[in-house]
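Following: one structure in structure tokens, then a few remarks.
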Amino acid sequence: MRSALVIMASAMVGLLMMPAPAHATRCLYPERSATGAFRSTMAAAQASAIGVWQSRVARKNGARFADWYYSGDRTITCRWNDNGTKFRCKAAAVPCGE
């Protein structure tokens, strides 16, 4: 039991001694949104919406803010078309970068 506590305490000290990252994250508000193309699968429709979002953010704010997976407050909403045969998604997120 005592050795487990020593190991845990050593790990905590090690974490506290780690240097802070040299870069700071900056997020741009308000969030940006983009609607993708109609696709036959939801996964493809989501990928289309994310791609349009990334392209739009890169154009407006620069490539360093256009990483969907590094952005904040991500949401994707999808709907069927009127015939119920294809999906279309809208991606919204707060662009963040280093």
**OP:** Can you bin region 48-93 into rounded, prolate or oblate? Criterion: square roots of the alpha carbon gyration tensor eigenvalues sorted a ≥ b ≥ c, rounded for a/c under 1.5, prolate for a/b above b/c, oblate for the rest.
**Re:** prolate
**OP:** Output ³J(HN,Hα) for region 76-90: one whole-Hz value per residue in order, computed from phi by the Karplus curve 6.51 cos²θ - 1.76 cosθ + 1.60 with θ = phi - 60°, and x for Gly and Pro.
**Re:** 10, 10, 10, 9, 6, 6, 4, 7, x, 10, 9, 9, 9, 10, 10
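Since every read-out is calculated from the coordinates, none of them should be taken as a lab result. No experiment lies behind these values; they were computed from the predicted model shown.
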